[in-house]
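> Got a structure for you, written out below as structure tokens; questions coming shortly.
The values are calculated or read from the model by the stated rules, or taken from the named source; none is laboratory data. Keep in mind that what you see is a predicted model, and the values were worked out from it rather than measured. With ideal geometry, Cβ positions are generated from the backbone for all residues, glycine too; neighbour counts draw on all protein chains shown. SASA here: full protein model, heavy atoms, side chains in, ligands and nucleic acids out. Shrake-Rupley method; radii C 1.70, N 1.55, O 1.52, S 1.80 Å.
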Amino acid sequence: MSQAFFGNFDLASLTLWLFWIFFAGLIYYLQTENMREGFPLVDEDGNDAANQGLFPTPKDKTFVLPNNQGELTVPSGQPGERGDVHGKLARTATANGFPFVPTGDPLVDGVGPASWTARKDVPELDAHGKPKIIPMASSDHFHVSAGRDPRGLPVMAGDKAIVGRISDMWVDEPEQLVRYLEITLDAEFGGGKRLVPMTLARIKSNRVAIHSIYGKHFASVPTTASPTQVTKLEEDKISAYYAGGKLYADEARLEPQL
């Protein structure tokens, strides 16, 4: 009974080594779980990249989605690559890593800074299974309590053209934020209604200014299938169109800026 149970065994060393083994396993687990979206990697031509990284792509895992939206299996079940971009971009060099240039209208084609991803064509839902983003005209829960109400103000494009008027605001009901402004376009600029992200509009005292695109571009702004809902795919296309105009709306914007 004079000997200790572990004798001369170094318990501190064992504890340290167990910690390092656990920590390495944790890093491996987190890194592979992080690879469930966007993997396997592909090159600029859409082929599997030669270098997939240090860690392997994880095995499929199936998640049950809320609000009766079915199941999602990743990484194999993630949205496929956008096949519609092939032929709309041209290489500027043989080697990978060099920029591609648009071959047509990049805003309409959705390439470069105007790129969008193939999200699900369904509205984003709140915790109760209802669409998060709704027009104020369809709800009596919201009103403008501070700041300037833009409804009724004319819309001025980046080339100073007056393209229409603001007819409504679309709010994120759970977050209580204005996400989009609704524009009713004049007939000469395409007519109908279009949404513009609130972050890309500037509300002035007598107008709403949208700098990113010009008057001629508003007719091609992606529309919504429903007058009271916007889907995740539609949101991505709309935001990409306006954001792409920061570069593509005018050839002068393609040149270096100081």
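> How much of the pair distance distribution for segment 189-258 lies past 19 Å, counting alpha-carbon pairs only, in percent?
In whole percent, the long-distance tail amounts to 39.
> So, one more: Taking θ as phi - 60°, what are the ³J(HN,Hα) couplings along segment 118-126 by the Karplus curve (6.51, -1.76, 1.60), each to the nearest whole Hz, with x for Gly and Pro?
7, 6, 5, 8, 9, x, 6, 9, 8
> Quick one: with all protein chains in place, what share of the accessible area of segment 134-258 is carbon or sulfur, to the nearest percent (1.4 Å probe)?
That share works out to 50 percent.
> Taking the solvent-accessible surface of protein heavy atoms with a 1.4 Å probe, what is the per residue accessible area of the chain in Å²?
63
> Which value does Rg/Rh take for the chain over its C-alpha atoms, Rh per Kirkwood?
1.15
> Now for a separate question. Any chance you could give the angle, 0 to 90 degrees and rounded to 10, that helix 232-248 forms with the longest Cα principal axis of the chain?
70
> Still on this structure, I have one more. May I ask you to compute the full-extension gain from K216 to L30, defined as 0.36 nm times their residue separation minus their alpha-carbon distance, rounded to one decimal in nm?
Going from the current span to full extension adds 62.2 nm.
> Suppose R0 equals 30 Å. What FRET efficiency, 1/(1 + (r/R0)^6) with r the Cβ-Cβ distance, do K160 and R82 give to the nearest 0.05?
It comes out at approximately 0.30.
> Let me know the charge dipole size of the chain about its Cα centre in debye, to the nearest 20, where only the beta-carbon of Lys, Arg (+1) and Asp, Glu (-1) is charged.
Values: 25 positive and 32 negative charges, 136 e Å.
Dipole of the chain, to the nearest 20 debye: 660 debye.
> As a test question: what accessible area, to the nearest 10 Å², does S139 have when a 1.4 Å probe is rolled over all protein chains in place?
So the heavy atoms of S139 present about 20 Å² to solvent.
> Using a Förster radius of 22 Å, what is the FRET efficiency between E188 and T223 based on their Cβ-Cβ separation? Nearest 0.05, please. Display every interim value, and only then the final one.
Values: r = 18 Å, r/R0 = 0.80.
For E188 and T223, the calculated efficiency is 0.80.
> Another question, if that's okay. Calculate, in nm to one decimal, what D45 and A95 gain on full extension: separation in residues at 0.36 nm each, minus their alpha carbon distance.
Net length gain for the segment: 16.9 nm.
> Computed FRET efficiency, Cβ-Cβ of A252 and K204, R0 25 Å: what is it to the nearest 0.05?
Using R0 = 25 Å, I get an efficiency of 0.60.
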